[in-house]
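Report on one structure; see the data block that follows.
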Amino acid sequence: AVVLAWRRGAVGGARPMKSALWEGFYRTATLWVLLAVYWATAIISRINIGHRHILPTYPVMFILAGSGVRLFRRGWRGLLGWVLALSLVAYVGEGLWTWPNYLAYFNQWVGGSRNGYRHLVDSSLDWGQDLPGLKRWLDEHGLSGPSSTTPVYLSYFGASSPAHYEVRALRLPGFIELDPPQHGIPFMLTGGVYCISATMLQTVVKGPPGPWTVPQEESYQTVLANVLTLIHSAPGDMQAALRGPDSQFWANQILAFEQLRFKRLCVYLRRHREPDDQVGYSILIYCLSDQEVERALLGPGPQTEPEDPSLFEEP
């Protein structure tokens, strides 16, 4: 719309370009004002729960962009006409290329859908829609049958049940757990295939939010020591602790350990690892060795190596 206003002024001839530009913007002033006010409000608002909050601006942008059709009527052989034509072709082509993963679509200006999780998650990308795709991915890679010996771990963000789709995996912390809860001591993490929803990778739900901090590292080391003491105790002592007067204390310790351990793992993956694959752009696949898992969970934390920001985010 801005280019068209300039073009009209440049080729009008009868009036100065400044006058033509002013007339064009004056006639569409209500649309520009609405965009400016709404976007300014959206940017400074504390409500940040998805792309839905800027949807009212789309009709305004469509009206302004629709004026570009006049470029065809007034000399479509010109450069701007060809730019518009190529843009339309690219728009259709990208839509076909993205099918059927429209919920997780991001345009090429931010690196395409494969990089969408770096910018926005939750309802802007991840509705838990890719469990069927994950099942197919596991089948294609021979990871879902009884003969598979590779551990598969899943952290799922969504309201569906992985068991319903026959996704057999050890469950890491997730959001809206619908499967029956597992009681007892937590399982240890080893090398294997880690399937992590984009929203869970960014740790915006479940457990402590924000960057990994020194107090979180201290809490993690404390609960890690307590849980390891419980695991290495005699079977009778372990059962007595889990069922005795201190059962609630141990339940809280195990819960804190699982959440902090998972967040420490996600911090490592975000800083050091690219996904090995993606399912529908909303579930990220990491094939980790035992050494990588050990480094992620037992490597130096920020309080022991503060001069090295390559592993953990600063508080």
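The values are calculated or read from the model by the stated rules, or taken from the named source; none is laboratory data. Everything quoted here is computed from the prediction, not taken from an experiment. Ligands, DNA and RNA are stripped out before the accessible areas are found, and what is left, the full protein with its side chains, is counted by its heavy atoms. Shrake-Rupley method; radii C 1.70, N 1.55, O 1.52, S 1.80 Å.
Summary of values
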{"quantity": "Tensor-based shape of the stretch 21-162 (alpha-carbon gyration tensor, a/c under 1.5 rounded, otherwise prolate or oblate)", "calculated": "oblate"}
{"quantity": "Area of residue 206 that stays accessible when all protein chains are in place (1.4 Å probe, Å², to 10)", "calculated": "90 Å²"}
{"quantity": "Additional length obtainable on full extension of the chain from residue 273 to residue 46, 0.36 nm per residue less Cα span", "calculated": "78.6 nm"}
{"quantity": "Computed accessible area, residue 45, all protein chains, 1.4 angstrom probe, square angstrom", "calculated": "50 Å²"}
{"quantity": "166, 258, 217, reordered so the largest accessible area comes first (probe 1.4 Å)", "calculated": "166, 258, 217"}
